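Participant: For reference, the structure I am asking about is given below.
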Number of protein chains: 2
Amino acid sequence: MVVSDVDNSPLTWRSNVMGTMPSIVFDLDSTLLDNSSYQDTLAEICRQVSELHPGVEPRQLQQANLTIWTSNKNRYMTELWDGTKDTFSLGEEVWELTLAQCGIQSRSIAREAARIHDATEAGHIRLYADARSAVQTLQQAGIRMALVTNGPSQLQRRKIEILGIAPWFEAVLVSAEVGHSKPEPEIYMLALESLNADPKDAWFVGDNLYTDIAGANNVGMPSVWVNRTGEPLPPDAPVPTHEVRTLAPLPGLMGLEPSA
Amino acid sequence: MVVSDVDNSPLTWRSNVMGTMPSIVFDLDSTLLDNSSYQDTLAEICRQVSELHPGVEPRQLQQANLTIWTSNKNRYMTELWDGTKDTFSLGEEVWELTLAQCGIQSRSIAREAARIHDATEAGHIRLYADARSAVQTLQQAGIRMALVTNGPSQLQRRKIEILGIAPWFEAVLVSAEVGHSKPEPEIYMLALESLNADPKDAWFVGDNLYTDIAGANNVGMPSVWVNRTGEPLPPDAPVPTHEVRTLAPLPGLMGLEPSA
């Protein structure tokens with residue numbers, strides 16, 4: 001069964017034949033949101049920051065930035081998670097340490113670097129092309145959708161705001177706000193409530209086998225593994241109900257068909 | 001600290017300055033072994049199989065093969081795991097069902113397709129270039145290494161045999177043989193025994209945050225996340241001690257230096 005989502009012909013759900021109309025819960029990062037070029041974004045940020053100070057190399061900044069992050073990630077994530085710090089003041093702190101490691105002691109350059117970081121990153125936050133078209137096809141067919149994402153509130157809300165996708169969903173559930181993270185069943189149950197759906201009629205679509213797919217399997221939702229690199233399923237990983245390389249086959253997989 | 005592993009200058013461990021000489025435990029799939037082109041390999045297999053029967057399209061075969069795998073993966077993996085089936089007879093079964101879904105009922109074509117699959121896949125099993133050179137640099141410096149891989153015995157042993165890498169390691173531990181899988185501590189403890197090392201002196205290097213890194217963190221081994229696509233660390237994932245995009249920085253990260 002192949003259903004094109006490119007020619008914009010409307011798809012419909014044959015409710016008389018197929019039973020209850022399904023709904024979908026999406027993961028955000030690396031499922032709808034394209035995170036694959038983050039290192040390129042960071043390289044671009046470092047190129048701009050290097051122009052603020054003579055003699056500092058973009059590669060040196062990038063190396064230092066990575067080291068600072070790796071050494072402090074646990075603390076930074078906790079601070080973002082509980083709201084002790086916002087992304088911008090954290091960015092300033094990271095850039096102050098990054099620049100110091102490159103021999104530059106300057107609060108004003110750190111502040112400017114954080115501003116460049118923020119703006120450049122925002123400009124690179126984007127959906128996969130197949131995500132936008134698949135979701136729109138599903139929405140036109142009347143499929144109800146929810147979004148479930150693990151992460152600190154401000155970090156995740158900022159991405160959702162930049163993408164402008166909140167109106168697509170009945171509910172947007174961020175783990176730090178909900179108090180539960182995938183694969184815990186509670187966050188799936190909240191999504192199901194928002195869709196007024198039984199687990200067996202609500203598909204979960206995500207890229208992470210150990211959070212997205214494990215949790216969906218546990219509560220009895222059909223799971224779709226978005227495996228964009230085409231890697232074989234690790235032998236002892238949770239087994240998804242379906243596997244796709246992009247979101248384009250999703251409407252067809254769910255049984256949507258061109259309207260007669 | 002940047003140490004080149006390209007110019008073949010020998011690196012040494014400065015034991016007087018740095019304390020106990022460290023050892024390393026490697027994961028196999030997607031860490032040393034390049035699984036990224038599996039879908040291309042499958043496309044190549046389907047192109048060859050399509051030549052066995054007029055009228056069947058490679059894309060049709062590939063779609064059917066994926067469907068058969070997805071529908072039966074749980075059972076297939078169990079059969080491989082407990083040795084009920086070997087990879088070749090399983091391949092025959094999968095190809096018989098794949099061909100049947102394309103309207104071809106033929107045991108002899110299925111057998112030939114399984115043979116093509118086996119041979120083509122074997123020809124595509126390869127290490128990342130950075131894996132070979134980093135491991136050789138580490139070995140020349142006298143670092144002792146072990147391999148820990150999750151999967152069915154025959155499947156994992158076949159890959160290791162084709163790659164010819166077993167002699168690099170003090171021990172090769174396959175989860176189906178050991179009776180424990182990552183992230184369970186037992187399989188890490190066996191690797192540490194083979195290296196005669198304390199957890200704090202044995203680094204674990206792997207690509208999977210939820211198996212490799214989680215398990216290493218649990219037993220107190222320094223962990224290195226091989227993040228080849230440069231994706232940001234998911235906010236609630238286990239936090240690795242270090243992060244690298246390839247294995248090239250590993251010798252420098254461990255404190256190996258050019259010999260004086």
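Participant: Determine, from the Cβ-Cβ distance of A:Thr78 and B:Asn218 and an R0 of 25 Å, the FRET efficiency 1/(1 + (r/R0)^6), rounded to the nearest 0.05.
Facilitator: After rounding to 0.05, the efficiency reads 0.85.
Participant: Quick one: angle between helix B:107-124 and the longest Cα principal axis of chain B, in degrees between 0 and 90, rounded to 10, please.
Facilitator: 20 degrees
Participant: For B:Glu186, place a label point 7 Å from Cα along the Cα-to-Cβ direction in every copy; what are the distances to the other copies, in nm, shortest first?
Facilitator: Distances between equivalent label points, in nm: 3.2.
Participant: If you don't mind, there's one more thing I want to ask. What is the protein assembly as shown by shape, rounded, prolate or oblate, if you read a ≥ b ≥ c off the alpha carbon gyration tensor as root eigenvalues and call it rounded for a/c under 1.5, prolate for a/b larger than b/c, and oblate otherwise?
Facilitator: oblate
Participant: Write down the percent of antiparallel bridges among all DSSP beta bridges whose residues are both part of the protein assembly as shown, to the nearest 5.
Facilitator: The antiparallel fraction comes to roughly 20 percent.
Participant: Here is a follow-up. Roughly what % of DSSP beta bridges within chain A run antiparallel, to the nearest 5?
Facilitator: For chain A, the DSSP antiparallel bridge percentage is about 20.
Participant: Can you work out the FRET efficiency for the pair B:Ser36 and B:Ala166, with r the C-beta to C-beta distance and R0 = 25 Å, to the nearest 0.05?
Facilitator: 0.65
Participant: Next up: Excluding same-chain residues fewer than 8 positions from B:Lys85, which lysines have a Cα within less than 16 Å of its Cα?
Facilitator: B:Lys73
Participant: Can you pull out the buried accessible area for chains A and B, both sides counted, probe 1.4 Å, rounded to the nearest 100 Å²?
Facilitator: 2800 Å²
Participant: How large is the charge dipole for chain A, taken about the Cα centre, if only the Cβ atoms of Lys, Arg (+1) and Asp, Glu (-1) carry charge, to the nearest 20 debye?
Facilitator: Charge dipole of chain A: 220 debye, to the nearest 20.
Participant: For peptide A:235-242, how many partner chain Cβ atoms fall within 10 Å of a residue's Cβ, on average?
Facilitator: 6
Participant: Over the alpha carbons of segment A:43-123, what is the largest minus smallest coordinate on each principal axis, giving the biggest first in Å?
Facilitator: Largest to smallest, the principal-axis extents are 38, 26, 21 Å.
Participant: What residue in chain A has the Cβ closest to the axis turning A into B, and how close is it in whole Å?
Facilitator: Per the Cβ-to-axis criterion, the result reads A:Tyr210, 2.
Participant: A further question follows. Can you list the distances in nanometres, one decimal and ascending, from the B:Glu231 label point to the identical position in each other copy, with the point 7 Å along Cα to Cβ?
Facilitator: Here the equivalent label points are 0.7 nm apart from this one.
Participant: Which of the aspartates and glutamates could a cross-linker bridge to A:Lys182, judged by Cα under 14 Å and excluding same-chain residues fewer than eight apart?
Facilitator: Those aspartates and glutamates meeting the cut-off are A:Asp27, A:Asp29, A:Asp207, A:Asp212, B:Asp236.
Participant: Given Cβ point charges of +1 (Lys, Arg) and -1 (Asp, Glu) and nothing else, what value in debye, to the nearest 20, does the dipole of segment B:38-124 about its Cα centre take?
Facilitator: It comes to approximately 200 debye.
Participant: Quote the charge dipole size of the protein assembly as shown about the Cα centre in Debye, to the nearest 20; the model charges only the Cβ of Lys and Arg (+1) and of Asp and Glu (-1).
Facilitator: My answer is approximately 340 debye.
Participant: Give the value in nm², to one decimal: projected area of the alpha carbon convex hull of chain A, averaged over all directions.
Facilitator: The orientation-averaged projected area of the Cα hull of chain A comes to 15.3 nm².
Participant: Using alpha carbons only, how many angstrom separate the centre of segment B:121-157 from the centre of segment A:24-51?
Facilitator: Using only Cα atoms to place each centre, the spacing works out to 30 Å.
Participant: Evaluate E = 1/(1 + (r/R0)^6) for A:Arg59 and A:Glu231, where r is the Cβ-Cβ distance and R0 equals 35 Å; express this FRET efficiency to the nearest 0.05.
Facilitator: 0.75
Participant: Using the charge dipole of chain A (Lys, Arg: +1 at Cβ; Asp, Glu: -1 at Cβ; taken about the Cα centre), state which of A:Gln39, A:Ile104, A:Gly142 has its Cα farthest towards the positive end.
Facilitator: Checked the options; the winner is A:Ile104.
Participant: Follow-up question, since we're still on this one. Specify the angular offset, from 0 to 90 degrees and rounded to the nearest 10, of the alpha carbon long axis of helix B:87-101 from the longest principal axis of the alpha carbons in chain B.
Facilitator: Taking Cα atoms only, the helix is inclined about 40 degrees.
Participant: Just the number, please: carbon plus sulfur as a percent of the accessible area of the protein assembly as shown, 1.4 Å probe, no ligands or DNA/RNA counted.
Facilitator: 51 percent
Participant: Based on DSSP H runs of at least 4 residues, each adding -39500 (n - 2.57), what is the mean residue ellipticity at 222 nm of chain B after dividing by all its residues, to the nearest 500 deg cm²/dmol?
Facilitator: Only helices count here, giving -14000 deg cm²/dmol.
Participant: 7 Å along Cα→Cβ for the label point: how many nanometres lie between B:Gly142 and each equivalent label in the other copies, listed shortest first?
Facilitator: Once sorted, the set of distances for B:Gly142 reads 7.5 nm.
Participant: Remind me, relative contact order of chain B in percent, using alpha carbon pairs under 8 angstrom and six or more residues apart?
Facilitator: This gives 27 percent for chain B.
Participant: When all protein chains stay in place, what accessible area (Å², nearest 10, 1.4 Å probe) is found for A:His124?
Facilitator: Only protein atoms counted, so the area is about 70 Å².
Participant: As I understand it, the value is the acute angle between the Cα axis of helix A:153-163 and the longest principal axis of the Cα atoms of chain A; what does it come to in degrees, rounded to 10?
Facilitator: So the helix axis and the longest Cα principal axis differ by about 70 degrees.
The values are calculated or read from the model by the stated rules, or taken from the named source; none is laboratory data. Every value quoted in this text rests on a predicted model; they were computed, and no experiment measured them. Backbone-built Cβ (ideal geometry, glycine too); neighbour counts: all protein chains shown. Just the protein is used for accessible areas: all its heavy atoms, side chains included, with ligands, DNA and RNA removed. Shrake-Rupley method; radii C 1.70, N 1.55, O 1.52, S 1.80 Å.
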